Amino acid sequence: MSDSDQKASNSENLEFATATECGLRAYNDDAVAAYRATGSDLRYRGSIAAIADGVGSAEAGGAAARAAISGFISDYYSTPDSWSVKQASARVLHALNSWLYRQSGGADEVQRGWLTTFSAVILKGSTAHLIHIGDSRIYRLRDGNLECLTRDHSRALGPDRTFLSRALGMDAHIEVDYRREPLEAGDLFCVTTDGIHDFLPRSQFTELLIRHQMDAAKPLMAAALDNGSKDNLSLALCRVNLVDAVQADDVMVATSQLPFPPALQPGNKIDGYEVLQELHASSRSYLYLVRDMDADTDGQPEQLLALKAPSENFSDDPAYIERFIAEEWTGRRLEHPAIVQIYPPRKQRKFLYHVMEYVDGQNLRQWMQLNPEPPLDQVRNLVEQLVSALRRLQRLEIVHGDLKPENIMIDTAGRLKLIDLGGANAAGLQELLRYQDSAPPGSKNYCAPEYFFSDAASHRSDIFSLGVIAYEMLTGNYPYKERFGSSHYQLKNYASLRYISARQYREDIPEWIDGALRQACAPDPKNRYPALSEFVHDLRTPNKKFDTAEKPPLIQRNPLLFWQTVAVLAVLSHLLYFL
């Protein structure tokens, strides 16, 4: 019985073809699909060729394969733009695996379960992202050479017998292989199930692909059957005719070539906005209070907005321009009452700038100067508002990177807002940027130490900055020795940072509050709170581990002193040995 199916899809840059057939089996437990993305899907997620081979010894293998293919394509294109391809595919596959595992009834029922392999090539911009679990394979034909880009997750049990060691639905937790490969024009990717590649010698496989290219599906299937395949046969083909540059967002593309606006004065008009006053000026940017003139013509009440323009000092710095545009890219994906809203332009812009919500109030630095020793409850309230904003960033896998009092506003109603997203970093955004800046994004007194070691930033990096800000609101000082100067700051190691107890500045601060602050801004990210909620809880409720009756070990309180003591004791014991 044969229920063969073959589909082809063509475009200028990419060509796709898929085929699946029962072979000598009564049922087809394979699933294959190709999805050609357009618009924002193409820019952020790319196009996909994917294959799944339901495990034959599992009763629901075919259903698992079909669910994996349809579920992955549906959910992958629903993930936030701020996620990278790797993050998005991993999140979706872990969710799919959990669902398949539950359908199987858990570990005791995997032999009757929903088990399937899964292999996909995702083509985005100039990169191929390979996702793989199981013993299906992804091949690439380049310049006449056929290379297998995946490793089978199987073990040999004897002659012609193998055991699948990894598959979707096999275990509650899975490990998925991920690999990136640069694309070249002429690349031909071939994703196959074992019913094909296990029965084709490399030389025959290569020869058929070279000869037939995108029409190779039927010849490959026929050759595998002739060579003794008794399994289902499925494959997906994708040929790269033209390599695109990295597909950037519309905002990134449309604004990158815009000129910088001139220095603006009250009364100046720019693209339908009238400048009322300058709010802030620095060497990097200008912020103006503007009136939306279009709102007047619509009969709406006057709308005050803030317009941020780049500084002419950086007009020839492509990395700066890209980061300025990236701030708008990030802000337009965030909607939260504690994060300033950045608006899309209402008309075609003639200059490079972006327009955002105007916050009438004072920044946190000014608030601290007017409130040198605020009550604990007031600080808790502000910290919790900031945590609410950071949670929104976390859900989109965005690290703010530049939390400091100057970037936080408090409006006239006491509501807090993050107003600067220039240092924000999202994995999905990194895939769009051409210029990477290795310098720490924030102020040296608030920036997490790992930035100075060129270690990967994470949400714990923002927790460090949050801890420093909370400490400063309560004490008016930094939890570590202040770092002066404008030169690049360097750290030798995490232990070189010595925490100063908040009680040294305010004796009315309880020990358990000081303990929570110490953990929040611990130099080593492994020692910080793993979650914002835990920090908030410990600011509200005394934690026994911060009880002075049981002080933490010296290695936690002062790692440097601990190791100095160990070294001294080691030298003394060595001397005593020879006396």
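No value in this document is a laboratory result; all are computed from the given coordinates. Note that the structure is a prediction, hence the values are computed from the model and not measured. Because the Cβ atoms are built from the backbone with ideal geometry, glycine has one as well, and the counts that use them run over all protein chains shown.
Taking other Cβ atoms within 10 Å as a rough exposure proxy, K218, K308 sort from fewest to most as K218, K308. Under 5 Å from the amide H of L14 lie the amide H atoms of N241, each residue being 5 or more positions distant or on a separate chain, with H modelled from the backbone and absent for Pro and chain starts. Cβ crowding within 10 Å ranks Y505, Y286, Y480 as Y505, Y480, Y286, fewest other Cβ atoms first.
Just from its helices, what would the mean residue ellipticity at 222 nm be for the chain, if runs of 4 or more DSSP H residues each count -39500 (n - 2.57) and the sum is divided by every residue, rounded to the nearest 500 deg cm²/dmol? Helices in the chain give a 222 nm mean residue ellipticity of -9500 deg cm²/dmol.
What separates the Cα centres of the range 195-246 and the range 11-34 is a distance of 11 Å.
Relative to the longest principal axis of the Cα atoms of the chain, helix 61-76 runs at roughly 40 degrees. So which of K86/K417; K308/K404; K404/K492; K308/K347; K269/K308; K124/K350 end up more than 26 Å apart, counting from Cα to Cα? K86/K417; K124/K350, as the Cα separations exceed 26 Å there. What share of Cα pairs, in percent, lie more than 26 angstrom apart in the range 5-240? Pairs farther apart than 26 Å: 32 percent. Between the amide H of D187 and those of V240, distances stay under 5 Å, these residues lying 5 or more places away or on another chain, with hydrogens modeled in the peptide plane. Across the chain, the convex hull enclosing all Cα atoms gives 239 Å³ per residue. Sites counted here are GluC sites (Glu not before Pro) in a DSSP loop (not H, G, I, E or B) having no more than 13 other Cβ atoms within 10 Å; the longest part of the chain that contains none of them is 13-174. Round to the nearest 10 and give me the degree value, 0 to 90, for the angle of helix 511-520's Cα axis relative to the longest principal axis of the chain. With both axes taken from Cα atoms, the answer is about 50 degrees.
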